Amino acid sequence: MNPPPADDSLRHTQVAPAFAHRTTISASIPANFLESTRPRLAAAALLYALGTTVSILQTILVDVLMAHEPAKFEKGYALAILFVLISIAVCGLTRSKRLHPRTLHALGMAYGVIASLGIGLGVTSIPFSTEIPESIHNWGVSWLCVWVIVFPLIVPTTPRRAAVVAFASGVMEPIGMLFWVLAFDYPLPSTHTLAAMWLPILICAALATLEARLIYGMGRELERAKQLGSYELVELLGRGGMGEVWRAHHRMLARPAAIKLVRAEVLGDGEQAAQALRRFEREAQATAALTSPHSIALYDFGLTQDGAFYYVMELLDGLNLDVLVQRFGPLPAERALHVLRQACLSLADAHHHGLIHRDIKPANIYACRMGLEYDFIKVLDFGLVKRSRAGDRMATALTGEMALTGTPAYISPEAALGHAIDARADLYALGCVGYWLLTGRLVFDGKTAMEVVTHHARTPPTPPSQRTELPLPAGLDAAILWCLEKDPSARPADAGALGASLDAIAPAAAWTPERARRWWETHFPSPSAPAAAVTAAVTTHRRVIARRATEETPRT
């Protein structure tokens, strides 16, 4: 199963037709919220107008029957009629097809506060009795409380906006009371009475905020389930700084998949969003060109109506090499060779297509159980991929203006110095991965990312055999150090040459399919076990990340 990447950034890969370039991304309000606002707001405004009208008529009727019409209440009736007219106008606007759903949604939130003012004026229009300061109409839940609680159902929105509307509506009753005090010299009630009146409103505003959060979450999930093509979201696997990872399955084929969503707010707006979309599209196209079984398989990609970018890829039953070493310690040399050989096959295919991965690290290489095969390696997250051929239209790094690309703990010296890179930068990073597998330690440590980058550029590495108690076969030290040469021309010419060198190394014992099967059945006896292991491992991994902050990549 795919856990969230170690650096909490969900950069992923998919294939699909190129989409039309968009210059703006709608922010965070699901489309189904916008669609449902029109009928709900119309009904609420109409009921508000009818209810207020009935209240006016009832009050007038009582005054007539009692033969008592205080002059000071005439303006109160006029104010009530004003709010009736506002409600009728809002109801009429909901019928206009020219009004954009987003504009109507904003109008609905504004109406929620305005209508609250009308209710606040109404419930405070009767003077407080100085003889009975705790009269019954000062206590309990007022109509404003009901309105505040119900309104998130009428105009569902983001939790933050809902909180603003709820608490702004809650203060409308104090404002209404202040109006009557200033305009008609109403007596101010006691502090005890004021607290008894307004505390329920504040509580209801807080409850409305929680209600809005629940509604918003359900709305987002329903929206995604509806708009991710033929795939249905099943389970949230992880959440990171850029988005979420979901387990999903195809509705017709029942094929499991991993869907990775990049939030709309991460993409930004305007030209920034357009550049981000082009970046993800290029990433998808780059990965789609790969045919090696050791590269992640892509099924689809696209853009949801609420502006989230998504990838659909194969669901991996396994765990990444970072988590693997953290949980089980350094790998035996024969197993590390088995892993590195397969990674070479993926990189050889990518380099053959003119692609440089540029972010090879343990978190981007998975050890999987694929059918009856065990320790089947998958390379994923081609998010920083670029073309290596000069003049290619994809030659610009997908990360835009970044001076450094990749992860500091696995960055090549030429990338650290800001020089041009080629496929041999991936081989350097793969040497760092091999070092991690054999020793459980990074090639270079440092207090800051820049210190680590400087070591990669200047400091000769310590041979892995000097940093592990496990025996290493002859030639493995040399192969890792070959990849870690500062001068790219001194490294293997390509991934094929490195793979051939690894094939020539004879470990003391072979990592056979039977050994691999026994290891997996011992540690993950059921097909679903890796998911639980990954969940626990990710927690451990993030603690390590806090201590080993140099592995984090600054992203823009």
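Taking the residues in segment 156-169 that are touching a helix residue (DSSP H, G or I) at 6+ places or on another chain (Cβ under 6 Å) and not β-branched (Val, Ile, Thr) as candidates, determine which candidate is surrounded by the most Cβ atoms within 10 Å (Cβ to Cβ).
166
Go through segment 336-356 and give me each residue that's under 13 Å from residue 438 (Cβ atoms) and in contact with a strand residue (DSSP E or B) (Cβ under 7 Å, 6 or more places away or on another chain).
338, 339
Please find, within segment 411-424, the residue that is surrounded by the most Cβ atoms within 10 Å (Cβ to Cβ) out of those that are within 30 Å of the chain's Cα centre (by Cα) and outside any loop (DSSP other than H, G, I, E, B).
415
For segment 333-358, which residues satisfy the criterion of being in contact with a Phe, Trp or Tyr (Cβ under 8 Å, 6 or more places away or on another chain), of a type outside the set (A, V, I, L, M, F, W, C) and at pLDDT below 95? Give the derivation first.
So in segment 333-358, the residues in contact with a Phe, Trp or Tyr (Cβ under 8 Å, 6 or more places away or on another chain) come out as 334-335, 337-338, 342, 350, 355, 357.
Checking which are of a type outside the set (A, V, I, L, M, F, W, C) leaves us with 334-335, 338, 342, 357.
The answer is 357, and nothing else.
Only one residue in 459, 439, 512 is among the polar types (S, T, N, Q) and crowded, with 16+ Cβ neighbours inside 10 Å. Which one?
When all the criteria are applied, what remains is 439.
How many residues, within segment 170-210, are surrounded by fewer than 21 Cβ atoms within 10 Å (Cβ to Cβ), in a helix (DSSP H, G or I) and in contact (Cβ under 8 Å) with a residue 60 or more places away in the chain?
5
Residues to consider are 470, 481, 498; find the one that is in a loop (DSSP other than H, G, I, E, B) and aliphatic (A, V, I, L, M).
That would be 470, the only listed residue that is in a loop (DSSP other than H, G, I, E, B) and aliphatic (A, V, I, L, M).
Does residue 433 satisfy being in the same structural domain as residue 324 (by TED's automatic domain parsing) and assigned to a helix (DSSP H, G or I)?
Answer is yes for this residue.
Working only within segment 255-282, note down all residues that are at pLDDT below 75, out of contact with any helix residue (DSSP H, G or I) (no Cβ under 9 Å at 6 or more places or on another chain) and not in a helix (DSSP H, G or I).
Matches in segment 255-282: 263, 269.
Would you check which residues across segment 447-488 are under 28 Å from residue 420 (Cα atoms) and small (Gly, Ala, Ser) and list them?
Listed by number, the residues that qualify are 449, 457, 478, 479.
Quick check on my filter: what residues within segment 234-259 are crowded, with 17+ Cβ neighbours inside 10 Å, of a type in the set (D, E, K, R) and under 8 Å from the mean Cα position of the chain (by Cα)?
244
Could you grab the pairs with beta carbons closer than 8 Å, sequence gap of 6+ or different chains, first residue in segment 82-101 and over 19 Å from residue 121 (Cα atoms), second one of a type in the set (S, T, N, Q) and assigned to a helix (DSSP H, G or I)?
101/37
Could you tell me whether residue 48 is out of contact with any Pro (no Cβ under 8 Å at 6 or more places or on another chain), at pLDDT 90 or above and part of a helix (DSSP H, G or I)? Full working, then the answer.
Working: out of contact with any Pro (no Cβ under 8 Å at 6 or more places or on another chain): yes; at pLDDT 90 or above: yes; part of a helix (DSSP H, G or I): yes.
Taking the combined requirement at face value, the residue satisfies it.
The values are calculated or read from the model by the stated rules, or taken from the named source; none is laboratory data. Quantities reported herein were computed from a predicted structural model and do not represent experimental measurements. Don't worry about glycine lacking a Cβ; one is built from the backbone with ideal geometry, like all the others, and counts go over all protein chains shown.
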